[in-house]
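The structure under discussion appears below in the form of structure tokens.
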Amino acid sequence: MRASTKIAAGASAAPIEAEQAALGRPSENAIAAGSPAEVAAVVRRFADAGATTVVLQPAASDLSIEPFLSLAAEVRSALRG
């Protein structure tokens, strides 16, 4: 059985939490913010709970995608290491 989840991710939780609140979505368990190791820990938690796919989504307020792509690449390396 495949299970997937989408979580908002970024270096800072504040803009992600604000975006989630504006959309009426609860932010607990749906946000991964901080260092690559911290984001990887959240992804691992979902994998341990049975998720086979975890999609990281940048905050809409992120004006540049490059920092998010860098974070995602570092998270991927941390998960493989």
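The values are calculated or read from the model by the stated rules, or taken from the named source; none is laboratory data. Bear in mind the structure is a predicted one, so any value in this text is a computation, not a measurement. Using ideal geometry, Cβ is built from the backbone for each residue, glycine included, and neighbour counts are taken over all protein chains shown.
Descriptive notes on the structure:
- From the list ALA11, ALA30, the one residue that fits, being under 20 Å from LEU79 (Cβ atoms), surrounded by 18 or more Cβ atoms within 10 Å (Cβ to Cβ) and under 10 Å from the mean Cα position of the chain (by Cα), is ALA11.
- Breaking point among (1) touching a helix residue (DSSP H, G or I) at 6+ places or on another chain (Cβ under 6 Å); (2) of a type outside the set (Gly, Ala, Ser); (3) at pLDDT 90 or above, for THR5: (3)
- Region 59-73 residues that are closer than 14 Å to ALA8 by Cα and in contact (Cβ under 8 Å) with a residue 60 or more places away in the chain, paired with ones that are among the hydrophobic types (A, V, I, L, M, F, W, C) and surrounded by 16 or more Cβ atoms within 10 Å (Cβ to Cβ) (beta carbon under 6 Å, 6 or more apart): ALA72/LEU56
- Residue list for region 8-29, filter: over 16 Å from VAL39 (Cα atoms), of a type in the set (D, E, K, R) and at pLDDT 80 or above: GLU19
- Within region 35-51, one or more residues are closer than 14 Å to SER12 by Cβ, buried (at least 17 other Cβ atoms within 10 Å of the Cβ) and at pLDDT 90 or above.
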